[in-house]
Amino acid sequence: MKQILFLILSAFLLISCGSGSSKQAETANPAAETVADHSTDQTVTPADPSVVYVYYFHGSQRCKTCVAVEKAARESVATLYGEQEQVRFVEVPTDDAANKGLVEQYGVTWNALIVAKGDDHVDITQKAFANPEGVSEMLQEEVERRLS
């Protein structure tokens, strides 16, 4: 009985958060913008190795936690680093074909929060989703590590 309940709960979570690895119907999400803080491009451009990127990967369907993590990450980068060109927040829709290379580069199959500078990157997704309120501190620690 516990296994059946666990399977049902797992299936619900998969459906509610959406999966970047499954082919979903491409629908426009008017609330989502694919914009870096310092750019108005609609697709993600190749990474500058001197810049620390905070990538938030997501599918077209997101749960409340997914949206909360994105909001916390976006606001943290804006608050902590403002207009500094060395740190950028980038939202990456995983179901957009234009972002396929970046999704493959980081092996993203689900929603993800990744801090990267050149080849040095860390995936803080599990910690961020376990504690959305602590995202700011996590990001600051990882960004500062890469700025040094």
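The values are calculated or read from the model by the stated rules, or taken from the named source; none is laboratory data. Predicted model only: the values in this text are computed from it and were never measured. As a convention, Cβ positions derive from the backbone with ideal geometry for all residues, glycine included, and neighbour counts pool all protein chains shown.
Which of the following residues is on the phi < 0 side of the Ramachandran plot and in contact with a Cys (Cβ under 7 Å, 6 or more places away or on another chain): Asn111, Asn99, Asn131? It would help to see each step written out before you state the result.
Details: Asn99 fails: in contact with a Cys (Cβ under 7 Å, 6 or more places away or on another chain); Asn131 fails: in contact with a Cys (Cβ under 7 Å, 6 or more places away or on another chain).
Unique residue meeting the criteria: Asn111.
I need a count of the residues in the stretch 76-87 that are touching a residue at least 60 places away in the same chain (Cβ under 8 Å) and not small (Gly, Ala, Ser).
From the stretch 76-87, those touching a residue at least 60 places away in the same chain (Cβ under 8 Å) are 76-77, 80-81, 86-87; that's our starting set.
Keeping just the survivors that are not small (Gly, Ala, Ser) gives 77, 80-81, 86-87.
Adding up the residues that qualify gives 5.
Just to be sure before I move on: is Ala78 closer than 18 Å to Glu144 by Cβ and either in contact with a helix residue (DSSP H, G or I) (Cβ under 8 Å, 6 or more places away or on another chain) or not aromatic (Phe, Trp, Tyr) (or both) in the structure I sent?
On the way: closer than 18 Å to Glu144 by Cβ: yes; either in contact with a helix residue (DSSP H, G or I) (Cβ under 8 Å, 6 or more places away or on another chain) or not aromatic (Phe, Trp, Tyr) (or both): yes.
Against the criterion (closer than 18 Å to Glu144 by Cβ and either in contact with a helix residue (DSSP H, G or I) (Cβ under 8 Å, 6 or more places away or on another chain) or not aromatic (Phe, Trp, Tyr) (or both)), Ala78 qualifies.
Which one is nearest to Lys100 (Cα to Cα), of the residues in the stretch 55-85 that are within 13 Å of the chain's Cα centre (by Cα) and hydrophobic (A, V, I, L, M, F, W, C)?
Checked the stretch 55-85; the qualifying residue nearest to Lys100 (Cα to Cα) is Phe57.
Is it fair to say Val35 is in contact with an Asp or Glu (Cβ under 9 Å, 6 or more places away or on another chain), over 14 Å from Val108 (Cβ atoms) and at pLDDT below 90?
Values: in contact with an Asp or Glu (Cβ under 9 Å, 6 or more places away or on another chain): yes; over 14 Å from Val108 (Cβ atoms): yes; at pLDDT below 90: yes.
For Val35, the condition - in contact with an Asp or Glu (Cβ under 9 Å, 6 or more places away or on another chain), over 14 Å from Val108 (Cβ atoms) and at pLDDT below 90 - is met.
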